[in-house]
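> There's a structure below that I have some questions on.
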Amino acid sequence: AKAEFAKHAPNRIKSIAKLPMIDPQAAAAELRRAVTELGLVGMVVPQHIRDKNLSDPSFDVVWAEAERLGATVCIHGGGQAPDQFPIGVDRYHTRLQVHAMTHPMGNMLALMSLTVGGVLKRFPKLHVGLMESGCG
């Protein structure tokens, strides 16, 4: 569906894959299919997957595949889905407060995992974008 939509203006519209990151092997295989068969240019991931940070070695298979394919990893800072381990949201009581703080804070957590956690050292050619971090 979105791969077809992007074909209408391939110079302007790019699509990325939402992957089953709870199963890193399946996520890597789906990324490969999304890029090589569907023409998608990358993937989107929250700042953590359940109780694991993005620097967890189990995700290395995904980062290796993204690096090999030249696919961009887009990190969406929100990530306070029902299955996720909430980070910092216990201090806020409205959806607006929770939503507003999880994006920049989530991307700070992701950046910590990518840099201090060693992901970018292990995969130096990995392309990463941090989405919805500010007020742009």
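Computed from the coordinates by the stated procedures, all read-outs in this text should not be read as laboratory data. Just so we're clear, the structure is a prediction, and the values are computed from it rather than from any experiment. Cβ placement follows ideal geometry from the backbone for every residue including glycine, while neighbour counts extend to all protein chains displayed.
> Jot down the radius of gyration and Dmax of segment 1-73, Cα atoms only, both in angstrom.
For segment 1-73, the Cα-based Rg and Dmax read 12.5, 39 Å.
> I've got another one for you. Where does helix 24-36 land angle-wise versus the long Cα axis of the chain, in degrees 0 to 90, nearest 10?
With both axes taken from Cα atoms, the answer is about 50 degrees.
> Next question. Once every Cα of segment 83-130 carries one equal point scatterer and solvent is ignored, give the base-10 log of I(q)/I(0) from the Debye formula at q = 0.23 Å⁻¹, two decimals.
Log10 of I(q)/I(0), two decimals: -0.84.
> Further, regarding this structure: Using Cα pairs under 8 angstrom and six or more residues apart, how large is the relative contact order of segment 1-59, in percent?
34 percent
> Could you work out the relative contact order of the chain? I mean the mean sequence separation of Cα pairs under 8 Å and 6+ apart, divided by the number of residues, in percent.
Here the relative contact order equals 25 percent.
> So, one more: Roughly how big is the chain's charge dipole about its Cα centre, with Cβ charges of +1 (Lys, Arg) and -1 (Asp, Glu), in debye to the nearest 20?
Value, rounded to 20: 360 debye.
> Within the chain, which is the longest segment that contains none of the trypsin sites (Lys or Arg not before Pro) sitting in a DSSP loop with at most 15 other Cβ atoms within 10 Å?
My reading of the result: 51-124 is the longest stretch.
> In whole Å, what are the Cα extents of the chain along the three principal axes, biggest one first?
Result for the chain: principal-axis Cα extents of 44, 33, 25 Å.
> Hey, what number do you get for the chain at 222 nm if only DSSP H runs of n ≥ 4 count, each worth -39500 (n - 2.57), divided across all residues, to the nearest 500?
Per the formula, -11500 deg cm²/dmol.
> Okay, next question. Any chance you could count the Lys pairs in the chain whose alpha carbons are under 28 Å apart, treating pairs 8 or more apart or on different chains as valid?
For the chain, the number of qualifying lysine pairs is 12.
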